[in-house]
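Visitor: A single structure is presented below for examination.
The values are calculated or read from the model by the stated rules, or taken from the named source; none is laboratory data. Since we're looking at a predicted model, the values are computed, not measured. Here the Cβ positions follow ideal geometry from the backbone for every residue, glycine too, while neighbour counts run over all protein chains shown. Keep in mind that these areas ignore ligands, DNA and RNA; they rest on the heavy atoms of the full protein, side chains included. Shrake-Rupley method; radii C 1.70, N 1.55, O 1.52, S 1.80 Å.
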Amino acid sequence: MRFFEDIEIGAVTRLGSYSFTEGEIVAFARAWDPQAFHLDAAAGARTHFGGLVASGWQSVVVSARLRAQAWARDHENLARAGLRAPRIGPSPGFKDLKWLRPVRPGDTLTFESEVTAKKPSTTRPEWGLVFTRETGTDQHGRLAFELTNCIFVERLEA
């Protein structure tokens, strides 16, 4: 992640890929989303899903983790180059979350983040708001997950 002024609208960052296993899907569901179609393949087979599927929230969590890891790598690279990394603030929220197709055991999603807009914060001049479209695409090239995210990024010109 660069400083607010350096971020270009349209820039795409590949965050990484993640393969969903049956064991991880069930473990996540037991802890956070205990619906039958996330917990048991036979129960899932009796639903419109036709089998076990991952919680949509698991896709969100994986995306967030991969995004944080990508920022950490960027900051490490800046530090190695002797450059100061920007502060990245929290997200004031997201919108337009869509789970477009079920994620099944064995599916691998590739996550990307595209900068769609940015604006200086009106209440915190040292920060800018960066808006991104976060996506997860399966191994067949089909979009499975998307949301619009917003994060605070430090400004140089504050």
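Visitor: Just name one of 70, 15, 25: the one whose Cα is farthest towards the positive end of the charge dipole of the stretch 1-93 (beta-carbon charges, Lys/Arg +1, Asp/Glu -1).
Guide: Positive-end residue among those listed: 70.
Visitor: While we're here: I'd like to know how the stretch 59-158 sits against the 2.2 N^0.38 Å rule of thumb: what's its Cα Rg over that expected value?
Guide: Numbers: Rg = 15.4 Å, N = 100, 2.2 N^0.38 = 12.7 Å.
Compactness ratio reported: 1.22.
Visitor: Also: Using the alpha carbon gyration tensor of the stretch 1-132, what are the three equivalent-ellipsoid semi-axes (square root of 5 times each eigenvalue), largest first, in whole Å?
Guide: On the way: eigenvalues 250, 52, 30 Å².
After scaling each eigenvalue by five and taking roots: 35, 16, 12 Å.
Visitor: Can you check what the net charge comes to around residue 26, using other residues whose Cβ is under 15 Å from the Cβ of residue 26 (Lys, Arg +1; Asp, Glu -1)? Don't skip to the end; give the middle numbers.
Guide: On the way: positive: 30, 104; negative: 22, 24, 33, 40, 107.
Here the count lands on -3.
Visitor: Which GluC sites (Glu not before Pro) in the stretch 57-158 sit in a loop by DSSP (not H, G, I, E or B) and have at most 12 other Cβ atoms within 10 Å of their own Cβ? Walk me through the numbers before you get to the answer.
Guide: Numbers: sites: 76, 112, 114, 126, 134, 146, 154, 157; in loops: 126, 157.
Qualifying residues, ordered by number: 157.
Visitor: Another question, then. Restricting to Cα pairs below 8 Å that are 6+ residues apart, what does the relative contact order work out to for the chain? Please round to a whole percent. All intermediate terms of the calculation are to be shown ahead of the outcome.
Guide: Details: 321 pairs, mean separation 47.7, N = 158.
Once divided by the residue count of the chain, the mean separation gives 30 percent.
Visitor: Taking springs between alpha-carbon atoms closer than 10 angstrom, which of 79, 64, 27 fluctuates most in the Gaussian network model of the chain?
Guide: Ranking 79, 64, 27 by mean-square fluctuation puts 79 first.
Visitor: Something else about it: Rounded to the nearest 500 deg cm²/dmol, what is the calculated helix-only ellipticity per residue at 222 nm for the chain, with -39500 (n - 2.57) per DSSP H run of length n ≥ 4? Working shown, then result.
Guide: Working: 4 runs with 45 residues, N = 158.
Value at 222 nm, helices only, nearest 500: -8500 deg cm²/dmol.
Visitor: Might you report the magnitude of the Cβ-based charge dipole of the stretch 9-108 about its Cα centre, with Lys and Arg at +1 and Asp and Glu at -1, to the nearest 20 debye? Provide the component values of the computation, followed by the final result.
Guide: Working: 13 positive and 8 negative charges, 81 e Å.
Taking the Cα centre of the stretch 9-108 as origin, the dipole is about 400 debye.
Visitor: Once both axes come from the Cα atoms, what is the angle between helix 56-80 and the longest principal axis of the chain, in degrees from 0 to 90, rounded to 10?
Guide: Around 30 degrees separate the two axes.
Visitor: Kirkwood hydrodynamic radius, computed over distinct alpha-carbon pairs, for the stretch 22-70: how many Å, to one decimal? Don't skip to the answer; put the middle values down first.
Guide: Numbers: mean 1/r = 0.0906 Å⁻¹.
After inverting the mean inverse Cα-Cα distance, the result is 11.0 Å.
Visitor: Kindly express, to the nearest 10 degrees and within the range 0 to 90, the angle between helix 22-32's C-alpha long axis and the longest C-alpha principal axis of the chain.
Guide: 70
Visitor: Counting only protein heavy atoms and a 1.4 Å probe, tell me what percentage of the stretch 80-158's accessible area is made up of carbon and sulfur.
Guide: Numbers: 2220 of 4370 Å².
Carbon-and-sulfur percentage of accessible area, whole number: 51.
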